1. How many residues are within 12 Å of the ligand (Cβ to nearest atom) and open to solvent by 10 Å² or more (accessible area, probe 1.4 Å) if we restrict to the range 164-192?
2. Could you check how many residues of the range 123-139 are within 18 Å of A44 (Cα to Cα) and within 15 Å of the chain's Cα centre (by Cα)?
3. From the list A61, A44, A89, which residue is within 16 Å of the ligand (Cβ to nearest atom), in contact with a helix residue (DSSP H, G or I) (Cβ under 8 Å, 6 or more places away or on another chain) and free of Cβ contacts under 8 Å to residues at least 24 places away in the same chain?
4. Taking the range 148-163 only, how many residues are closer than 16 Å to L113 by Cα and surrounded by fewer than 17 Cβ atoms within 10 Å (Cβ to Cβ)?
5. Give me the strands (runs of 3 or more DSSP E) completely within the range 193-258, filtered to those with at least 1 residues that are open to solvent by less than 10 Å² (accessible area, probe 1.4 Å), ordered by residue number.
6. Considering each residue of the range 182-201, count those that are of a type in the set (S, T, Y) and in contact with a Ser or Thr (Cβ under 9 Å, 6 or more places away or on another chain), and give that number.
7. Among the residues of the range 125-136, is there at least one that is near the ligand (Cβ under 7 Å from one of its atoms), open to solvent by less than 10 Å² (accessible area, probe 1.4 Å) and not hydroxyl-bearing (S, T, Y)?
8. For the range 186-199, does any single residue satisfy the condition of being more than 18 Å from the chain's Cα centre (by Cα) and at negative phi?
Amino acid sequence: MLPFHLAANYLLYRLRAFKLHGVHSPFVFDLYQNVILHEGDYYAYQLIEDLRGSLLFKDRAIPVTDFGAGPKAGLKKNRKISYIARTSAKPAKYAQLLFRLVAHFQPNTIFDLGTSLGITTSYLAMGNKQAKLYTFEGCPSIAAEAKANFEKLGLQHMQQVIGNLDDTLALQLQQVERLDFVFFDGNHRYEPTMRYFEVCLSKHHEHSVFVVDDLYWSAEMKQAWQEIKQHPQVCQTVDLFYIGLVFFRKTQPKEHFTLLY
Ligand SMILES: C[S@@+](CC[C@H](N)C(=O)[O-])C[C@H]1O[C@@H](n2cnc3c(N)ncnc32)[C@H](O)[C@@H]1O
């Protein structure tokens, strides 16, 4: 069951959300009809969902380092892989949307903030096998599991960046010319979300796509999403409740869409 605040925000989202006929921007209409609502099946879906299925039965425990800001920060505790797969990875519906977004926009450089076991990373990687994909994870034992998962799927074109995003993100950013696609799923608090967003903005361009996860997960994330929408460099946003899409297309009117998904 959804926690009360999430359920209340979901109700408001449902009241605000448009369906296809309510979208007047040609760019967003096309994106909504052909990418967001696309119902076709892809070979990658089955491969990655089979992997997720096997992780959900792995009862082996690994030492997990907590990267939160609270009193547990830096603490290690053992967690079962099945538990991590169940609680951290994006559900198939949203991970597959990320695959379609990458397949549609064909970004050359992708930053994936928060690898966990690599489920969503694998979708991003399969969306464009030519892309340079950098996936960031703080916990070394989780990163090691993700590496094994990438090998199982035969995915070799991504680079794992292991360490606290507070240290690794800006450094890695210096190594790339520009950033075409970013998935923010690393630290669901206001301050780091806004800080990572600002850092990534330094390499964005007119056709970059940023995807922010868990917009209504907490009051802090809700505040971060409101500020991202109002940010002077942001031109269009699409609120799909669990994830938000951010565009920087100055040739299109500045608009914010809430779409049913
Ligand atoms: C919600 S999970 C990511 C799930 C993944 N995107 C998926 O859908 O399969 C968030 C991950 O980010 C990592 N993380 C959180 N804060 C971090 C930080 N400051 N630096 C590096 N990694 C961090 C956590 O260890 C965790 O594995």
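1. 13
2. Going through the range 123-139 one residue at a time, the tally reaches 6.
3. A61
4. Counting residues in the range 148-163 that are closer than 16 Å to L113 by Cα and surrounded by fewer than 17 Cβ atoms within 10 Å (Cβ to Cβ) gives 2.
5. Working: elements: 209-213, 236-239, 243-247, 255-258.
It comes to 209-213, 236-239, 243-247.
6. Step one: list which residues in the range 182-201 are of a type in the set (S, T, Y), which gives 190, 193, 196.
Retained after the next criterion (residues that are in contact with a Ser or Thr (Cβ under 9 Å, 6 or more places away or on another chain)): 190.
Total satisfying the criteria: 1.
7. First pass over the range 125-136, keeping only residues near the ligand (Cβ under 7 Å from one of its atoms): 136.
Cutting the leftovers down to open to solvent by less than 10 Å² (accessible area, probe 1.4 Å) gives us 136.
Of the ones still in play, those that are also not hydroxyl-bearing (S, T, Y) are 136.
Looking through the range 125-136, at least one residue is near the ligand (Cβ under 7 Å from one of its atoms), open to solvent by less than 10 Å² (accessible area, probe 1.4 Å) and not hydroxyl-bearing (S, T, Y).
8. To start, the set of residues in the range 186-199 that are more than 18 Å from the chain's Cα centre (by Cα) comprises none.
Checked the range 186-199: no residue is more than 18 Å from the chain's Cα centre (by Cα) and at negative phi.
The values are calculated or read from the model by the stated rules, or taken from the named source; none is laboratory data. As the structure is a prediction and not an experimental result, all values here were calculated from the model. Cβ atoms come from the backbone with ideal geometry, glycine included; neighbour counts cover every protein chain shown. Ligands, DNA and RNA are stripped out before the accessible areas are found, and what is left, the full protein with its side chains, is counted by its heavy atoms. Shrake-Rupley method; radii C 1.70, N 1.55, O 1.52, S 1.80 Å.
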